[in-house]
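Visitor: Quick one: the structure is below, and I'll ask about it shortly.
The values are calculated or read from the model by the stated rules, or taken from the named source; none is laboratory data. None of these values were measured; they are calculated from a predicted model. Heads up, the Cβs are rebuilt from the backbone with ideal geometry, glycines too, and the neighbour counts pull from every protein chain shown. Please note that ligands, DNA and RNA were not included when accessible areas were found on the heavy atoms of the full protein model with its side chains. Shrake-Rupley method; radii C 1.70, N 1.55, O 1.52, S 1.80 Å.
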Amino acid sequence: MIINQGNLQILFTGYRANFQAGFSGVTPTWSQIATEVPSTTKTEKYGWLGQWPRIREWVGDRAVQSIGAHDYSISNKAFESTVAVPRDDIEDDTFGVFAPLMTEMGRSVAAFPDELVFDLARKGWAEHGYDKVPFFAANHKVLDDKGKEKEVSNTGGGAGAPWFLLDTSRALKPFIFQKRRAFDFVTKDNPKTSDHVFNRNEYVYGSEGRCNVGFGFWQMAFGSKQALTKANFRAARTAMMKNTGDYGRPLGIMPGLLVVGPSNGDAARDIILAERDAAGATNTDRNLVKILETPWLE
């Protein structure tokens, strides 16, 4: 191929098509457990987390609920993936060997939110949510019906492969995917303006974007590293449904999604999908929740 800007533009168009094919070939699952929140600045503040709006009888003045009680924020991060194509390969018409690499880059970009969101879920026992304790913890603070502070747990403990029971029916899911700038496909292929092309004799193609992830309401998630058994599943579901807001107000939590990695996939299907249990009795937990099995948890 003769190296000129016209042919380089044709090459870029082809690589971009490869990238898009890889991107379109992925069906992400992160949106099942996380809400996408658009971002317009470097850091977004979520001071309203922890406030559960409630309806009350209107007697006297309105009771205004403050939304500045917590100082929780998510700062965007920049991410990139870059590939260099030697000029000699383009000149010798062997640039096609890089097409699968561009396709894989597109696939990686499409799957990247999954990687971020499920990795955050795995780290939920160490990283803090809006209330300054780990997202999965036994010491979340709530006021009881007499206004006295008590501790509430949303974790089963354990040390095995993690599994999660979630209520994803609300406007804000248990996790947040914050998007500042969508990933795009870009190039540096002009020797007159690119030092890399001039110095390395390579044309650079890549993708870049800005985003990050964070935690929503801990009350809508239960994380466990215990064995995934019928008893532990039922205990987690009961604990979530008993969650209350301040002063003992029921929150109406209804867990509907069981998230597991490969190690717990069979156990999840036995509990949720089997018509009968190991003893031959009717499985009363059948189809009680949906199952999301993902390789990103392990």
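Visitor: Being open to solvent by less than 10 Å² (accessible area, probe 1.4 Å) and in a loop (DSSP other than H, G, I, E, B) is true for just one of 253, 176. Which residue is that?
Guide: Only one candidate qualifies: 253.
Visitor: Go over the candidates 93, 145 one by one and state the one that is out of contact with any helix residue (DSSP H, G or I) (no Cβ under 8 Å at 6 or more places or on another chain) and assigned to a loop (DSSP other than H, G, I, E, B).
Guide: 93
Visitor: Scan region 1-40 for residues that are among the charged types (D, E, K, R) and either more than 30 Å from residue 73 (Cβ to Cβ) or touching a helix residue (DSSP H, G or I) at 6+ places or on another chain (Cβ under 6 Å) (or both) and report the count.
Guide: 1
Visitor: Restricting region 213-229 to residues that are in a helix (DSSP H, G or I) and touching a Phe, Trp or Tyr at 6+ places or on another chain (Cβ under 9 Å), which is farthest from residue 134 (Cα to Cα)?
Guide: Step by step, filter region 213-229, then rank; the result is 219.
Visitor: Sticking with this one: Being small (Gly, Ala, Ser), open to solvent by 40 Å² or more (accessible area, probe 1.4 Å) and not in a loop (DSSP other than H, G, I, E, B): is that true of residue 182 here?
Guide: Against the criterion (small (Gly, Ala, Ser), open to solvent by 40 Å² or more (accessible area, probe 1.4 Å) and not in a loop (DSSP other than H, G, I, E, B)), residue 182 qualifies.
Visitor: For region 65-87, what are the residues that are at pLDDT below 85 and of a type outside the set (Val, Ile, Thr)?
Guide: Of everything in region 65-87, those that are at pLDDT below 85 and of a type outside the set (Val, Ile, Thr) turn out to be 65, 66, 68, 69, 70, 71, 87.
Visitor: Going through region 230-247 one residue at a time, which ones are assigned to a helix (DSSP H, G or I) and open to solvent by 30 Å² or more (accessible area, probe 1.4 Å)?
Guide: 230, 231, 232, 234, 235, 237, 238, 239, 241, 246, 247 - these are the residues of region 230-247 that are assigned to a helix (DSSP H, G or I) and open to solvent by 30 Å² or more (accessible area, probe 1.4 Å).
Visitor: In region 118-142, which residues are surrounded by 17 or more Cβ atoms within 10 Å (Cβ to Cβ) and in a loop (DSSP other than H, G, I, E, B)?
Guide: Of everything in region 118-142, those that are surrounded by 17 or more Cβ atoms within 10 Å (Cβ to Cβ) and in a loop (DSSP other than H, G, I, E, B) turn out to be 129, 130, 131, 135, 136, 137.
Visitor: Confirm whether residue 107 is modelled with pLDDT of 95 or more, touching a Gly at 6+ places or on another chain (Cβ under 8 Å) and of a type in the set (D, E, K, R).
Guide: yes
Visitor: Looking at region 1-23, I want the residues that are over 20 Å from residue 86 (Cβ atoms) and part of a helix (DSSP H, G or I) and have a partner that is open to solvent by 40 Å² or more (accessible area, probe 1.4 Å) and not small (Gly, Ala, Ser) with Cβ atoms under 7 Å, at least 6 apart or on another chain. Which pairs are those?
Guide: 21/103; 22/103; 22/104; 22/107; 23/107
Visitor: Applying the selection to region 85-123, what residues are within 20 Å of residue 16 (Cα to Cα) and of a type in the set (Lys, Arg)?
Guide: 87, 107
Visitor: Here is a further query. Within region 147-162, restricting attention to residues that are under 13 Å from residue 244 (Cα atoms) and in contact (Cβ under 8 Å) with a residue 12 or more places away in the chain, which residue is most open to solvent (accessible area, probe 1.4 Å)?
Guide: Filtering region 147-162 for residues that are under 13 Å from residue 244 (Cα atoms) and in contact (Cβ under 8 Å) with a residue 12 or more places away in the chain, the one most open to solvent (accessible area, probe 1.4 Å) comes out as 151.
Visitor: Please determine, by comparing only the residues of region 29-52 that are surrounded by fewer than 16 Cβ atoms within 10 Å (Cβ to Cβ) and more than 25 Å from residue 257 (Cβ to Cβ), which one is modelled with the lowest pLDDT.
Guide: Of everything passing the filter in region 29-52, 47 is modelled with the lowest pLDDT.
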